1. Given H placed 1.01 Å from N in the peptide plane, which residues other than close sequence neighbours of G61 have an amide H under 5 Å from its amide H?
2. Given springs between every Cα pair under 10 Å in a Gaussian network model of the chain, which of A21, A401, A216 has the largest fluctuation?
3. Excluding same-chain residues fewer than 8 positions from K228, which lysines have a Cα within less than 20 Å of its Cα?
4. For E48 and S27, what is the calculated FRET efficiency with R₀ set at 22 Å and r taken between the beta-carbons, to the nearest 0.05?
5. At what distance in nm do the modelled label points of A277 and V265 sit from each other, each positioned 7 Å from its Cα along Cα→Cβ?
6. For labels at K168 and Q320 in the simple 7 Å Cα→Cβ model, what's the distance in nm?
7. Could you tell me the accessible area of C334 in Å² (1.4 Å probe, neighbours in place), rounded to the nearest ten?
8. In Å², and per residue, what accessible area does the range 208-321 have when probed at 1.4 Å with the other protein chains present?
Amino acid sequence: MVKLQQNVDAIRISTRIEALACCSSTSIGVTRLPFSVESTAAERLVEEWMKAAGMSVRKDGLNNIIGRYEGKDSTAPVLMIGSHLDSVIEAGKYDGILGVITGIEVVQTLRDNGIVLDHPIEVVGFCDEEGVRFHSTFLGSKAIAGTFTAEDLQRADEQGITIAEALKGIGIADPYAYKNSSRTPEELLAYLELHIEQGPVLEKENEPVGVVSGIAGATRFSFEIIGKPGHAGTVPVAIRQDALLGACDLISYIEKIAFKNEPLVATVGKLTVSPGASNVIPGLVTGTLDIRDLNVERKQKAIDAIFSESERIAKARGLQIKFEQVMEADPVYCNEEMIKLIEESISERSGSVITLVSGAGHDAMAMADVTNVAMIFVRCKDGLSHHPDEFVTVEDMGAGAEILYSTVIKIATKQ
Ligand SMILES: [Zn+2]
């Protein structure tokens, strides 16, 4: 009799996601900050499920949780899969978590089918990706990639508690133990992450799963538009130097530039108007500009165009417009060979292959400093994320886990 191959269990994935959603400090949505009571409760569940799937489990010096499923050759480089266990404030249930739970499901399915791959598989739940508590992203993956620093230990939360102190609070007495977290390029075969899309493309294309070509680079500026305040009733419109009208022109132009350079995205997310009174002409506007693209050259051209238009606006309206760059993150390109294997897995499952650029940052970005990375995106309802209404169907979770399962087999099998 031919033994039937076990498939991934979508119901089990969904049940576990629901259980983890209860590890939250708020009743609305999921709030699970790193090194908290809620995160410790979540880790306990994850550890239990990893063990049930046949993995040996350990925590590293920065409290990343790592389950290992041995390969035929235990000295061969490791294929790491996973995502993050922390959340934003009042988040959804799937962001991060889905990558960890489907990773465990993949290993459980391998074990149930009696499959041992050439390379060891490690499923990782990173302690902190969102950066909500300590205002710095990718803490867990940076520790593994070896880019977490001693200065990072002194980052403090709103209560003034540093990372070093928070680690002590959960029983990691030696803060420098983070150094043991780091892995060398030789130790790792690759890093593969499944994550919800957090955008609307897959839903529009009517596909449950897509492959990521890369994570967009981001440049962030703060800007200042200086005009001249005056009496709203007495200064004729023709001679005003209204900073807010300059901001309107600038923001409209930024939208135009983004449309012209799609898939580039540009956002003015914050604006303050001074003095901010109903009867005073705005004399000063400050704001932020966030601009992202996988294509560095196209992004730079768009920035240059925005700068030269801002000069024109300033001249036309008698204003001063100043930009200051506050952040620059390079794009990360996913590994071509891994992309091909994900595409094969999607095609074999009879889906058409949708390729996406990630506009959001992910742990894969930090892991790219130490190894090749690739990402699988799973459709979410209305593209909504970082919100209590974030939603993924059980069928889509199952589809994502199946693609992850077959991709892991392909990657971890020696050619
Ligand atoms: Zn995430």
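1. N180, S181
2. A21
3. Cross-link targets: K315, K322.
4. That gives a FRET efficiency of 0.35.
5. 3.9 nm
6. The two pseudo-label positions are separated by 4.7 nm.
7. About 10 Å², rounded to the nearest 10.
8. 51 Å²
The values are calculated or read from the model by the stated rules, or taken from the named source; none is laboratory data. Small disclaimer: the values here were computed from a predicted structure and weren't measured. For neighbour counting, all protein chains shown are included, and Cβ atoms are generated from backbone atoms with ideal geometry for every residue, glycine included. For the accessible areas, the whole protein counts, side chains as well, though only heavy atoms, and no ligand, DNA or RNA atoms are used. Shrake-Rupley method; radii C 1.70, N 1.55, O 1.52, S 1.80 Å.
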